[in-house]
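Asks: Submitted below is the structure of interest, expressed as structure tokens.
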Amino acid sequence: MAIPSVLRIAVLASNAAEQDRLATLVGQCGHQIVEPAASPDAVLTDGAAAATLPAPTVAIGAVDGAFAGLLPPDAAATAVDAALRAVAAGLIVRAPTQPVRSFEWLPDEPPVLLTPREIEVLTPLGNGLTNKQAARLLGISPHTVKFHIESLFRKLGVASRAEAVARGMHQQIVEF
Amino acid sequence: MPDTAKNPLIELSEALAERAGLARPLVVGIAVPGHRMRSGALWRKDVVVASEQRYPDVSDARVILADGNAFTARVAGRDPGTNVVALRLDGSPDPLPLSASEPRPGALALAFGADEGGISARLGVVHSVGPAWHSRAGGRIDRRIMLDIAVTPREEGGPVLDAGGGLLGISTLGPRGRVLVIPASTVEAVLEPLISKGRVDRGWLGLALQPVLVPDAVQSEAGQSRGLMIMRVAKDSPAARAKLHAGDILVTIAGESVTSAAMLARHLEPDSVGKPLELRLIRADKPLSVQVTVGVRQAS
């Protein structure tokens, strides 16, 4: 089924001011606002409690996971438009910048500890530099870079540079 | 069967409903204009506590008790360190103190939240109980109590009772959907500063650190094989004033070895603020001692 270029959108907000704000966003996207009962293509909400949602829903600034689309509170009209189209097509939308970190403990000591040089080598590796380029950047010989990369592969139990970067960068930094 | 025979299921059920009755005066709904409903606990007369994470940046709220009575409330203070936000209201009843027994893994627990016109209840067991721990935001939490109870964002922050009807603390959504309890003693400890100052000050150095293996060549100088490498130094921070640099490896604080973030956090409790700390570092393969004056951590 093709998605029409102008969608029929219902707006469900928790108060009049939010209702206006969301309706303005829908207008900026060039979509048509309809009543929830008029079988909309998608719903835009601020997370206001609704017993039943008549169509796939994009929630702005909500944290509950029961919506097809979740956007940050300051989402721009272009993002809202893309999200409404995606959920109308049956997809799930999550914004990558959304803070997903929950209240958590400080990380324990990692099972694998890297040396300062190994950590240093990871950055140019992540930027796609060759051993020679990394060596020049760090002021060490390409042979030494190779030595540290082999040690990283062994410690992290990985077989590729990309994997080493993904695992190595995962080591957590704390701020105090 | 004669009616006089005791049915243990009905007894259990009635005992649980009775605990819910004990919790009822404590459970509050918190309505923040423009935001979804959330839950909290009436901690003492005119003081409500709730979960701080994702609490909107709005001072005014409406607190609704399970009996339908509503009060205007305002945020008195927030502590991301222990995930407690305190609200003041005027004229609330004084809830009965419910002191909890020591939590044990496997013991029954009930988590409560606010629901339209009343309370919601969830039953499960205490999944595990660990020693004191530090949150990423630096707060010390007296016990690591995890529940095998699922709690929604709406119910988070409501009271958790033990089988005897004692108040274990307030529920908190932890990593990967796990549910933690912020123990009553931890809530008590932060409540006074939250109400009088609006915040809980904790120590701050201005460092981003990562655990590292001390290079072989300097392990004997360092006296240990592990340390915390400085990745960044914040501008105008105590660490910057003490001329610490990225690349320095922190090995001891006040003579005690620090090899994990939690060990560091123990030196930066609220009473550390303004006091000097002796740091021992490895810089360019040489040991170095530096004194820093601990600053105040800002909520991030």
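Asks: Please go through the range B:146-160 and give me each residue that is closer than 20 Å to B:G130 by Cβ, in contact (Cβ under 8 Å) with a residue 40 or more places away in the chain and away from chain A (no Cβ under 13 Å), ordered by number.
Replies: B:I149, B:V160
Asks: Turning to a different aspect of this structure: Give all pairs with beta carbons closer than 9 Å in which a residue from the range B:48-65 that is farther than 15 Å from B:L26 by Cα meets a residue that is β-branched (V, I, T) and surrounded by fewer than 16 Cβ atoms within 10 Å (Cβ to Cβ); count only pairs at least 6 apart in sequence or on separate chains.
Replies: Short answer, once both residue conditions are applied: B:D60/B:T72; B:A61/B:T72; B:R62/B:T72.
Asks: Mind counting the residues in the range B:47-87 that are of a type in the set (G, A, S), under 23 Å from B:G118 (Cα atoms) and either assigned to a strand (DSSP E or B) or at pLDDT 95 or above (or both)? If you could, list the steps in order and put the result at the bottom.
Replies: Initial filter on the range B:47-87 (of a type in the set (G, A, S)): B:50-51, B:59, B:61, B:66, B:68, B:70, B:73, B:76-77, B:81, B:86.
Imposing the further condition that a residue be under 23 Å from B:G118 (Cα atoms) reduces the set to B:50-51, B:61, B:66, B:68, B:70, B:73, B:86.
Now restrict to residues that are either assigned to a strand (DSSP E or B) or at pLDDT 95 or above (or both): B:50-51, B:61, B:70, B:73, B:86.
Of the residues in that region, 6 qualify.
Asks: Inside the range B:211-227, can you point out the residues that are touching a Leu at 6+ places or on another chain (Cβ under 7 Å) and more than 7 Å from every other protein chain (Cβ to nearest Cβ)? So that I can check it myself, show each step before the final result.
Replies: At the first step, the residues of the range B:211-227 found to be touching a Leu at 6+ places or on another chain (Cβ under 7 Å) are B:211-213, B:225-227.
B:S225, B:G227, listed by residue number.
Asks: If you take the residues of the range B:106-142 that are acidic (D, E) and in a loop (DSSP other than H, G, I, E, B), which of them is modelled with the highest pLDDT?
Replies: Restricting to residues being acidic (D, E) and in a loop (DSSP other than H, G, I, E, B), the top hit is B:D142.
Asks: Exactly one condition in (1) in a loop (DSSP other than H, G, I, E, B); (2) without any contact (Cβ under 8 Å) to a residue 40 or more places away in the chain; (3) within 14 Å of another protein chain (Cβ to nearest Cβ) is false for A:L114; which is it?
Replies: (2)
Asks: Among B:G29, B:G77, B:G40, B:G34, which is the only one that is touching a helix residue (DSSP H, G or I) at 6+ places or on another chain (Cβ under 8 Å), under 25 Å from A:A59 (Cα atoms) and in the same structural domain as B:F112 (by TED's automatic domain parsing)? Steps first, please.
Replies: Numbers: B:G29 fails: touching a helix residue (DSSP H, G or I) at 6+ places or on another chain (Cβ under 8 Å); B:G77 fails: under 25 Å from A:A59 (Cα atoms); B:G40 fails: touching a helix residue (DSSP H, G or I) at 6+ places or on another chain (Cβ under 8 Å).
Within the list B:G29, B:G77, B:G40, B:G34, the selection yields B:G34.
Asks: Another question, then. Name the strands (runs of 3 or more DSSP E) wholly within the range B:151-246 that hold at least 3 residues that are surrounded by fewer than 23 Cβ atoms within 10 Å (Cβ to Cβ)?
Replies: B:207-213, B:226-233
Here is a yes/no grid of residues against (1) of a type in the set (K, R); (2) at the interface with chain A (Cβ under 10 Å from one of its Cβ atoms):
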position	(1), (2)
B:R144	yes, yes
B:L168	no, no
B:I182	no, yes
B:T186	no, no
B:R202	yes, yes
B:L209	no, yes
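Asks: Given the options B:G40, B:G68, name the one that is surrounded by fewer than 12 Cβ atoms within 10 Å (Cβ to Cβ), touching a residue at least 40 places away in the same chain (Cβ under 8 Å) and either in contact with a Cys (Cβ under 7 Å, 6 or more places away or on another chain) or under 27 Å from A:D46 (Cα atoms) (or both).
Replies: After applying the criteria, what remains is B:G68.
Asks: Let me ask you something else. Just give me the residues in the range B:13-37 being without any contact (Cβ under 8 Å) to a residue 60 or more places away in the chain and either farther than 22 Å from B:V181 by Cβ or among the β-branched types (V, I, T) (or both), in sequence order.
Replies: Listed by number, the residues that qualify are B:S13, B:E14, B:A31, B:V32, B:P33, B:G34, B:H35.
Asks: Would you point out which residue out of A:A62, A:A83, A:A89 is at the interface with chain B (Cβ under 10 Å from one of its Cβ atoms), more than 30 Å from B:R140 (Cβ to Cβ) and under 25 Å from the mean Cα position of the chain (by Cα)?
Replies: A:A62
Asks: Give me a count of the residues in the range A:135-152 that are β-branched (V, I, T) and either farther than 11 Å from A:L125 by Cα or surrounded by fewer than 17 Cβ atoms within 10 Å (Cβ to Cβ) (or both).
Replies: The total comes to 2.
Asks: While we're on this one: Does A:A135 qualify as being outside any strand (DSSP E or B) and either touching a residue at least 60 places away in the same chain (Cβ under 8 Å) or over 30 Å from B:Q53 (Cβ atoms) (or both)?
Replies: yes
Asks: Check off (1) surrounded by 18 or more Cβ atoms within 10 Å (Cβ to Cβ); (2) touching an Asp or Glu at 6+ places or on another chain (Cβ under 8 Å); (3) within 14 Å of chain A (Cβ to nearest Cβ) for B:R283 and give me the number that stays unchecked.
Replies: Of (1) surrounded by 18 or more Cβ atoms within 10 Å (Cβ to Cβ); (2) touching an Asp or Glu at 6+ places or on another chain (Cβ under 8 Å); (3) within 14 Å of chain A (Cβ to nearest Cβ), only one is false for B:R283: (1).
The values are calculated or read from the model by the stated rules, or taken from the named source; none is laboratory data. In this text, all values refer to a predicted model and were calculated from it rather than measured experimentally. Quick reminder, even Gly has a Cβ in these numbers, built from the backbone with ideal geometry, and neighbours come from all protein chains shown.
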